[in-house]
Amino acid sequence: MMLSPSDRIHAPVVLLVNPAAGRGRAGRVAQAASEALRAADLAVDVHETRERGDEARIAAEASATGARALAVVGGDGAISHAVRGLLDGEAGGGARVPMAIFAAGTGNDFAKSLVVPVHHVARMARHIAAGNTHVVDVGFVDDVPFVNAAGFGFDVEVLEHMRTPGVLRGTAAYVSTALGALFGYRGFRANMANDSAIMSRKLMTVFANGRCFGGAFRIAPDARLDDGALDCVTIRDISPWARVPLFARAMRGTHLTSPHVSFHRDHHFHLRFDTPPMFETDGELQQAATCDVSVSVRAGALTVIA
Ligand SMILES: Nc1ncnc2c1ncn2[C@@H]1O[C@H](COP(=O)(O)OP(=O)(O)OP(=O)(O)O)[C@@H](O)[C@H]1O
């Protein structure tokens, strides 16, 4: 049954909890968030994911039933899967449900581009109760949505290393894995229509909707979530010793003026690879189906609690 907007004021907030986020932190945040939402006079329905990607099912149901808001307790991966579910739910005739975040991941990079207190449960609960919203853009690699960033090349290499059993997760682990991989990574080739470095070897190409990625890098310091465009940052392949200072600059967000970095802001990109590439969306590894990959943005496709 679909609820009218006035009924939705009384509809529950769906609290979507990824128990695997933040290496166990999510359980504590979820408990505090649920108490804070009830203290703010909101009805709460708690749904825990059972496995990776389960976020999409819960989010699509929240859209179908017209939840007041979908509050995600998790990190960038959980948020990304939840956004996919919200978009699917809306496309299937469900309501547009605003998304809120109680940050419980390790990187929490998307939240860094929002101005809401995602680390403060009581204040966040009051924001949800107040119902102030803002629309932001959603990026797509082919048909895979992302809210923060998508990348090809070196960041995929790092995530593949981190998937090895026994390798720690978290920002410090990401940075140390990245430093280790910096010396061995051999770059990739891709032809991008709007890139001056056509077919030259690249270390990585990132399409950023938000400003930060990898937990520690200000990869696109001027990116905006609501400008209808993506910031494309490409780092060309350079000698391993030149990579380290450039990555240090990327942590500070001062790398865009380097001659090894190219930058484009646009709403559509087309890339051609030698073989179907792996890529990452919001820190989640994906496999492209073909050598031709399209990256685009849908302006204002997501409503967030602001
Ligand atoms: N019940 C579950 N069991 C195992 N993995 C899950 C479960 N629910 C979700 N996941 C997956 O866990 C992965 C990591 O989640 P998430 O991104 O929320 O946390 P994080 O990695 O700690 O934070 P960040 O991405 O911000 O660094 C995602 O791929 C998510 O889909």
**Message:** Quick check on Ala103: is it at pLDDT 95 or above and either near the ligand (Cβ under 9 Å from one of its atoms) or under 18 Å from Val135 (Cα atoms) (or both)?
**Reply:** yes
**Item:** Number of the exception - Leu37 against (1) touching a residue at least 60 places away in the same chain (Cβ under 8 Å); (2) within 16 Å of the ligand (Cβ to nearest atom)
**Value:** (2)
**Request:** Working only within region 65-119, note down all residues that are within 17 Å of Asp226 (Cβ to Cβ), of a type in the set (Gly, Ala, Ser) and touching a Gly at 6+ places or on another chain (Cβ under 6 Å).
**Result:** Ser113
**Message:** Take Ala60 and tell me if it is within 15 Å of the ligand (Cβ to nearest atom), buried (at least 19 other Cβ atoms within 10 Å of the Cβ), farther than 20 Å from Asn148 by Cβ and not assigned by TED's automatic domain parsing to the domain that holds Arg211.
**Reply:** yes
**Prompt:** Hey, among Ala100, Ala67, which residue is in contact (Cβ under 8 Å) with a residue 24 or more places away in the chain, in a loop (DSSP other than H, G, I, E, B) and not assigned by TED's automatic domain parsing to the domain that holds Phe213?
**Reply:** Ala67
**Complete:** Those strands (runs of 3 or more DSSP E) completely within region 110-155 that have 2 or more residues that are within 14 Å of Pro98 (Cα to Cα) and within 16 Å of the chain's Cα centre (by Cα) are 133-141
**Complete:** Of the residues in region 46-64, those that are out of contact with any Ser or Thr (no Cβ under 9 Å at 6 or more places or on another chain) and assigned to a strand (DSSP E or B) number 2
**Selection count, region 280-303, where residues are within 16 Å of the ligand (Cβ to nearest atom) and assigned to a strand (DSSP E or B)** = 6
**Item:** Qualifying position, being on the phi > 0 side of the Ramachandran plot and within 9 Å of the ligand (Cβ to nearest atom), among Gly93, Gly75, Gly66, Gly53
**Value:** Gly53
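Would it be correct to say that Ala178 is in contact (Cβ under 8 Å) with a residue 24 or more places away in the chain, in a strand (DSSP E or B) and more than 30 Å from Ala36 (Cβ to Cβ)?
Details: in contact (Cβ under 8 Å) with a residue 24 or more places away in the chain: yes; in a strand (DSSP E or B): no; more than 30 Å from Ala36 (Cβ to Cβ): yes.
So Ala178 does not fit the description; no.
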**Request:** Keeping to region 198-236, report how many residues are outside any strand (DSSP E or B), under 15 Å from the mean Cα position of the chain (by Cα) and more than 14 Å from Met251 (Cα to Cα).
**Result:** 6
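The values are calculated or read from the model by the stated rules, or taken from the named source; none is laboratory data. Keep in mind it's a predicted model, so treat the numbers as computed, not measured. FYI the Cβ positions are ideal-geometry reconstructions off the backbone, even for glycines, and counts take in every protein chain you see.
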